[in-house]
Amino acid sequence: MTGLFPIPLRGIGTPLVESLSSFVLRLAFAHGVSTRQLLTAISAVRAPGLLNGYSDFAATTAEKVSALVSQSDVAHGTLLRFRYVLSTNANESIVPTRRWCSSCIADDLDKGDSGYDPLIWSIRSVSMCPKHDCWLVSACPHCMSPQQYLPYGGATRTHCNRCGCSLGARTGHATPSPSELWCRAELSDLLTRGGDKPFDSDAPHAFLTAFVRLVGKGVAPIAREVGIDAHTIRGLLGNPIKKPTLATVLRLSASVQQPVELLLGAPLAAAAQGQFSFDAPRHERIVRTRLSSALRQQLGDALRKAAYDEGQALPRSVASICREHRVTQGCAHYAFPVLVSRVSARRMGYLAAHAANVEGEALLIVKRHLATLAPADIEAFSQKKLVKQLMETSRLPKRSLARAVRASIDLAMQQCDGESSDACRGMGPL
């Protein structure tokens, strides 16, 4: 493929700089070719999920795209600035499938603009849109299918690759955690400067070494303070070649209240300050829901009906409701904890009452049947045959009938006068 006419990389110099995958998608659309054709001409490797990271594929693709369009700012849409200081496993920094803000997509549809995907949407440590403070979505709200960074077959960024429905919807604001705000602010500063000044040192290892020496604590207490796994810190300290992930660096930055730029650019100066507040929240083990507003409303209505509708004899289980709406039970527990607890308690209470009713009915049926038997019939009595006969006539569970038969026989044996009674003969164990 020969040279292409340039198009501007949108959002340069701002925290919402455009990602390389979004730039490639707009470039293919502007030249009337498919993204598959453009990627095939650029590179033989097809890994769109790694385009926005700092892998060799991202570096090669950014270099070739820059040469095709004669632009030197294409690398601003990637994390190539961290290429030599972070782990080579870019999947720990970039999410494998596309994420987006439904409110931003709705704004683009209202304005009639094709829009673009900011690079910060694809960074794993950010879960909320910096513009609207709402959760980033990773699946279509209509068919629940994940979206690719570079859709094939003429699909656009505003509509689902599978069902073709719109991905834009107005969602409510959420309250970001202090850790989310810190990570977002640090990443915004780094993305604003872009790839002009890459980091090329072993700064994380140098900072951790000086930090452990200055704090004067063991690895385990420090790991609890900063909210990082102790094995991760020991591995980074014991092997200088091993490099941390972006999530680890951001967690460390938020815990010690030191900027990422200082940790990666001047680690010894940052550690020598010796004033660490540890005010940031610890490791947050929560399940965050990525539900759209429409799906959230539908799920809430179904759970509310199962929790409070007295017309339902047996309320539906939370698992069946989640399967119907194609969401995980973790999403339901996080979004509606009170309703989920109410449904589970009501269902358990109904099942316990139903089991007690079945046991009582089985015992009554067995007593009535034994009362109709003559002593001669009782002598040739078989418990297994009785249970099988009662199952055909009463349609009750075999286990309940067997327990009722055993209870009735035990009661009859207690009333027997030794072995002289004919009614006690033939009542062996089931």
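The values are calculated or read from the model by the stated rules, or taken from the named source; none is laboratory data. Here the structure is a predicted model, which means the values were calculated and not measured. Using ideal geometry, Cβ is built from the backbone for each residue, glycine included, and neighbour counts are taken over all protein chains shown.
Residue count for the stretch 301-325 under the criterion of being surrounded by 16 or more Cβ atoms within 10 Å (Cβ to Cβ) and closer than 19 Å to Pro141 by Cα: the result is 5.
I need a count of the residues in the stretch 329-350 that are in contact (Cβ under 8 Å) with a residue 24 or more places away in the chain and either of a type in the set (A, V, I, L, M, F, W, C) or surrounded by fewer than 15 Cβ atoms within 10 Å (Cβ to Cβ) (or both).
9
Hey, does the stretch 80-90 have a residue that's over 20 Å from Val260 (Cα atoms), at pLDDT 85 or above and either surrounded by 17 or more Cβ atoms within 10 Å (Cβ to Cβ) or not aromatic (Phe, Trp, Tyr) (or both)? There is no residue in the stretch 80-90 that is over 20 Å from Val260 (Cα atoms), at pLDDT 85 or above and either surrounded by 17 or more Cβ atoms within 10 Å (Cβ to Cβ) or not aromatic (Phe, Trp, Tyr) (or both). When the stretch 143-179 is filtered for residues that are crowded, with 20+ Cβ neighbours inside 10 Å and more than 30 Å from Val33 (Cα to Cα), only Thr171 remains.
Checking each residue in the stretch 240-256 for being at pLDDT 75 or above and either polar (S, T, N, Q) or not in a loop (DSSP other than H, G, I, E, B) (or both) picks out Thr245, Leu246, Ala247, Thr248, Val249, Leu250, Arg251, Leu252, Ser253, Ala254. Scanning the stretch 127-179 for residues that are outside any loop (DSSP other than H, G, I, E, B) and either free of Cβ contacts under 8 Å to residues at least 60 places away in the same chain or touching a Ser or Thr at 6+ places or on another chain (Cβ under 7 Å) (or both) yields a count of 7. For the stretch 1-24, taking the residues that are among the aliphatic types (A, V, I, L, M) and over 19 Å from Leu150 (Cβ atoms), the one that is surrounded by the fewest Cβ atoms within 10 Å (Cβ to Cβ) is identified as Ile12. Within the stretch 106-114, does at least one residue satisfy the condition of being in contact with a Pro (Cβ under 7 Å, 6 or more places away or on another chain), farther than 30 Å from Asn239 by Cβ and modelled with pLDDT of 85 or more? No, that holds for no residue.
Each residue in the stretch 74-105 was checked for being part of a helix (DSSP H, G or I), in contact with a Gly (Cβ under 8 Å, 6 or more places away or on another chain) and closer than 27 Å to Pro6 by Cα, and 6 pass. The requirement of being under 31 Å from the mean Cα position of the chain (by Cα), at pLDDT 85 or above, aliphatic (A, V, I, L, M) and closer than 23 Å to Pro96 by Cα is fulfilled somewhere in the stretch 60-68, by at least one residue.
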